[in-house]
Amino acid sequence: MITLLILIPVLGAIIAASSNAEIAKRIAVAASLLSTIISGVMYFTYNTAGGAMAFTEKVPWIPSLGISYHVALDGLSLPFVVLTALLTLVSVLAQFDQDKKSFYALFLVMQAGITGVFASLDLVLFFLFWEVVLIPMFFIIGVWGYENRRYAAIKFVLYSLTGSVLMLVGILALAFGVANATGQPLSFDFDVLKTQLEAIKALPGIGLIFWAFLAAFLIKLPAFPVHTWLPHAHTEAPTGGSIMLAGVLLKMGGYGILRFNLGLMPGEMQTYQTVLAILATVGVVYGAYCAMAQKDLKRMVAYSSVNHMGYVLLGIVSLNAMGIHGAVYQMVAHGLITGLMFMMVGFLSHRTHTRVIANMTGMYAAMPVLGAIMWMAFLGGLGLPGMAGFIGEFTALSGTVKNPDTAVYGYISLLGIMITAGFILYAIQRVLLGRAPGSSDDEHHDDHGSSHAHTKSHWHDLSPLELAAAAPLVILSVVLGLYPNLLTPWIDGSTQALLETVRGVTRLGDKGEAHFYEKCECRNLGSGNGYNHDESLECQLLP
């Protein structure tokens with residue numbers, strides 16, 4: 001089934017590229033819709049009880065090097081596969097006015113690559129899919145973007161390639177190091193490597209290997225201070241590109257940290273917990289401050305992603321089930337809500353020919369449907385209770401505060417929530433409220449500084465096609481905010497399975513026996529009380 005999810009968009013891309021633009025549009029819609037249906041069926045047939053890998057496919061690829069085609073999904077990856085297919089569909093619908101067949105083919109190639117990233121359980125296969133994703137996004141930004149598209153595309157690729165090179169070095173060092181240390185055959189298989197956590201922990205230079213992986217994932221997340229490519233990429237990308245970039249490409253970073261940094265190197269996660277918590281907290285507050293300072297509406301939404309993904313990193317480094325659950329939930333919610341925000345900003349700027357906040361007013365009165373959905377999207381970005389973003393942020397912060405070692409960073413991050421409320425409410429007040437432009441004297445300036453006179457009659461509300469693109473994101477943002485059980489059992493089962501794997505292979509105590517501690521004892525586990533590093537880590541990983 002997973003191979004089918006990868007092949008459908010690949011075949012769709014081939015057919016689209018060899019057809020005319022009109023056929024390519026329909027092929028892209030059909031391929032992404034079929035992928036959404038299949039992934040949805042897989043989602044609801046997945047057994048959430050044990051959180052184990054499912055839909056497994058494993059075929060030897062290069063046996064002499066220990067490389068295989070190994071794909072599988074669990075509750076941590078399956079939601080992102082569904083999200084990838086859905087956002088590809090809405091991105092294509094949101095940009096149905098494009099007349100280039102290659103545009104739609106690239107979206108399908110990107111969908112296939114992202115699906116492969118979330119499904120791969122072989123490190124080499126994971127790396128190859130990771131690289132595949134860069135190519136279509138580079139061209140989508142560089143060819144169909146706005147005025148500074150080339151600069152944004154090149155910066156995006158340079159940052160991504162830097163992380164990719166480091167990750168490749170880390171993959172090779174990890175696999176060859178484990179093979180040499182254990183005397184076992186070389187293997188890049190995740191399931192094999194996770195049985196060798198003791199050998200991984202003892203590898204010379206394991207800290208460098210950890211950061212080689214982490215660098216690639218922090219760049220993609222993105223985390224402060226390696227976030228500077230994101231505002232340019234978002235601002236210059238076409239609407240569909242921004243939806244995919246915010247919706248699923250950023251999630252590759254958070255997923256990678258969970259699956260590989262925590263899943264294979266949990267001791268290093270605990271060692272560098274404070275460093276990562278500081279970076280996450282700075283990202284939350286700094287991202288919110290930068291968003292508040294923006295004059296360009298799309299750039300404001302871009303910086304809000306730095307803020308929101310900071311909560312994701314905080315939840316992960318809490319190293320407990322609640323925080324990790326919140327991080328995954330926040331990533332799914334962010335994909336839906338921020339994807340919707342970029343879609344509405346794109347629709348609005350297409351009509352008004354400007355993204356300058358000061359040049360907009362009364363959009364709700366002028367276009368009630370667009371204004372209402374945009375209002376809902378921005379309130380979702382604010383973390384309004386009743387929408388998916390609230391569940392994710394609240395749970396991630398609760399997990400952060402629950403751990404005494406990260407609690408202070410959770411409290412500091414509350415400042416980011418207040419700043420977020422400020423720039424979101426300002427954007428709503430300035431852009432959506434007020435008197436609708438009703439005379440030809442209302443003047444607006446586009447992104448290039450040119451002025452345009454518009455009347456209300458020039459601004460038509462959302463078309464049925466645009467409404468169809470927005471509807472799934474609106475519905476899911478509300479449903480997951482009111483009924484989180486549509487997602488929480490999937491996340492909980494696999495989170496517990498991940499943490500149990502870490503516990504089960506960690507040697508504790510002087511004789512190597514496993515000890516488990518009550519939550520009330522966690523705060524007392526430290527070198528000053530005679531407990532070693534492993535015992536402290538074990539306690540932090542308690543749910």
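The values are calculated or read from the model by the stated rules, or taken from the named source; none is laboratory data. Quick caveat: nothing in here was measured; it's all calculated off a predicted structure. When we count neighbours, we look across all protein chains shown, and the Cβ atoms used for this are built from the backbone with ideal geometry, even at glycine.
Just checking, does segment 89-97 include any residue being charged (D, E, K, R) and either buried (at least 24 other Cβ atoms within 10 Å of the Cβ) or farther than 22 Å from ILE38 by Cβ (or both)? Yes, segment 89-97 contains at least one residue that is charged (D, E, K, R) and either buried (at least 24 other Cβ atoms within 10 Å of the Cβ) or farther than 22 Å from ILE38 by Cβ (or both).
Taking the options LEU221, LEU186, name whichever one is surrounded by 14 or more Cβ atoms within 10 Å (Cβ to Cβ), farther than 18 Å from GLY256 by Cβ and in contact with a helix residue (DSSP H, G or I) (Cβ under 6 Å, 6 or more places away or on another chain). Write out each step before concluding.
Working: LEU221 fails: farther than 18 Å from GLY256 by Cβ.
The match here is LEU186.
Table: residues versus (1) under 20 Å from the mean Cα position of the chain (by Cα); (2) of a type outside the set (Asp, Glu); (3) crowded, with 18+ Cβ neighbours inside 10 Å; (4) at pLDDT 95 or above.
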| site | (1), (2), (3), (4) |
| --- | --- |
| VAL474 | yes, yes, yes, yes |
| VAL478 | yes, yes, no, yes |
| VAL502 | no, yes, yes, no |
| THR506 | no, yes, yes, no |
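Restricting attention to segment 85-119, the residues that are in contact with a Phe, Trp or Tyr (Cβ under 9 Å, 6 or more places away or on another chain) and of a type in the set (D, E, K, R) add up to 1. Scanning segment 224-275 for residues that are closer than 19 Å to GLY170 by Cα, out of contact with any Phe, Trp or Tyr (no Cβ under 6 Å at 6 or more places or on another chain) and among the aliphatic types (A, V, I, L, M) returns VAL226, MET252, LEU258, LEU262, LEU264, MET269.
Output the number of residues of segment 287-313 satisfying the condition of being under 19 Å from the mean Cα position of the chain (by Cα) and under 28 Å from ASP405 (Cβ atoms). Steps first, answer last, please.
Quick first cut of segment 287-313, residues under 19 Å from the mean Cα position of the chain (by Cα) only: 287-288, 291, 298-313.
Subset that is under 28 Å from ASP405 (Cβ atoms): 287-288, 304-313.
Result for segment 287-313: 12.
Hey, GLU236 hits all of (1) surrounded by fewer than 24 Cβ atoms within 10 Å (Cβ to Cβ); (2) within 13 Å of PHE156 (Cα to Cα) but one; which does it fall short on? Going through (1) surrounded by fewer than 24 Cβ atoms within 10 Å (Cβ to Cβ); (2) within 13 Å of PHE156 (Cα to Cα) one by one, GLU236 breaks only (1).
Listed here are the residues, each with its yes/no results for (1) out of contact with any His (no Cβ under 9 Å at 6 or more places or on another chain); (2) small (Gly, Ala, Ser); (3) within 30 Å of MET53 (Cβ to Cβ).
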| residue | (1), (2), (3) |
| --- | --- |
| PHE96 | yes, no, no |
| LYS100 | yes, no, no |
| LEU108 | yes, no, yes |
| ALA112 | yes, yes, yes |
| VAL117 | yes, no, yes |
| SER120 | no, yes, yes |
| VAL132 | yes, no, yes |
| ILE140 | yes, no, no |
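Here the condition is being closer than 24 Å to ALA94 by Cα, at pLDDT below 80 and of a type in the set (Ser, Thr, Tyr); of SER450, SER457, SER463, SER440, it holds for SER457 alone.
Residues in segment 295-343 that are hydroxyl-bearing (Ser, Thr, Tyr), closer than 27 Å to THR48 by Cβ and part of a helix (DSSP H, G or I): TYR311, TYR329, THR338. Checking each residue in segment 51-73 for being part of a helix (DSSP H, G or I) and either in contact with a Leu (Cβ under 7 Å, 6 or more places away or on another chain) or of a type in the set (Lys, Arg) (or both) picks out only LEU65.
With respect to the stated conditions, THR48 fails to be in a helix (DSSP H, G or I) and polar (S, T, N, Q).
Return yes when LEU89 is over 26 Å from LEU168 (Cα atoms), in contact with a Pro (Cβ under 9 Å, 6 or more places away or on another chain) and either part of a helix (DSSP H, G or I) or of a type outside the set (Gly, Ala, Ser) (or both) and no when it is not. Yes; evaluated as a whole, the condition is true for this residue. Number of residues in segment 394-411 that are surrounded by 17 or more Cβ atoms within 10 Å (Cβ to Cβ) and farther than 11 Å from GLY323 by Cα equals 2.
Residues checked against (1) basic (Lys, Arg); (2) at pLDDT 95 or above; (3) surrounded by fewer than 24 Cβ atoms within 10 Å (Cβ to Cβ):
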residue: PRO266; (1), (2), (3): no, no, no
residue: THR281; (1), (2), (3): no, yes, no
residue: VAL285; (1), (2), (3): no, yes, yes
residue: LYS295; (1), (2), (3): yes, no, yes
residue: VAL312; (1), (2), (3): no, yes, no
residue: ILE324; (1), (2), (3): no, yes, no
residue: GLY335; (1), (2), (3): no, yes, no
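In segment 299-312, is there at least one residue being in contact with an Asp or Glu (Cβ under 8 Å, 6 or more places away or on another chain) and charged (D, E, K, R)? So far as segment 299-312 goes, no, none of its residues is in contact with an Asp or Glu (Cβ under 8 Å, 6 or more places away or on another chain) and charged (D, E, K, R). Here segment 173-192 is the region considered, the condition is being of a type in the set (A, V, I, L, M) and out of contact with any Phe, Trp or Tyr (no Cβ under 9 Å at 6 or more places or on another chain), and the residue that is farthest from PRO60 (Cα to Cα) is ALA181.
Inclusion of ALA16 among residues that are farther than 21 Å from VAL248 by Cβ, touching a residue at least 12 places away in the same chain (Cβ under 8 Å) and in a helix (DSSP H, G or I) is not warranted.
In segment 129-151, what residues are assigned to a loop (DSSP other than H, G, I, E, B) and aromatic (Phe, Trp, Tyr)?
First, pick out the residues of segment 129-151 that are assigned to a loop (DSSP other than H, G, I, E, B): 145-148.
Matches in segment 129-151: TYR146 only.
The residue of segment 152-188 that is nearest to the chain's Cα centre (by Cα), among those that are polar (S, T, N, Q) and either in a helix (DSSP H, G or I) or at pLDDT 95 or above (or both), is SER160.
Report yes if some residue within segment 43-66 is within 24 Å of ALA246 (Cα to Cα) and either surrounded by fewer than 24 Cβ atoms within 10 Å (Cβ to Cβ) or modelled with pLDDT under 95 (or both); otherwise report no.
The initial filter retains those residues of segment 43-66 that are within 24 Å of ALA246 (Cα to Cα), namely 43.
Retained after the next criterion (residues that are either surrounded by fewer than 24 Cβ atoms within 10 Å (Cβ to Cβ) or modelled with pLDDT under 95 (or both)): 43.
Yes, there is a match, as at least one residue in segment 43-66 is within 24 Å of ALA246 (Cα to Cα) and either surrounded by fewer than 24 Cβ atoms within 10 Å (Cβ to Cβ) or modelled with pLDDT under 95 (or both).
For every residue, the table says whether it meets (1) touching a helix residue (DSSP H, G or I) at 6+ places or on another chain (Cβ under 6 Å); (2) more than 26 Å from VAL124 (Cα to Cα).
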{"site": "ILE8", "(1), (2)": "yes, no"}
{"site": "ALA54", "(1), (2)": "no, no"}
{"site": "LYS58", "(1), (2)": "no, no"}
{"site": "LEU78", "(1), (2)": "yes, no"}
{"site": "ALA85", "(1), (2)": "yes, no"}
{"site": "ALA94", "(1), (2)": "yes, yes"}
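In the set ALA181, ALA202, ALA173, only one residue is of a type in the set (A, V, I, L, M) and under 24 Å from VAL132 (Cβ atoms); that residue is ALA173.
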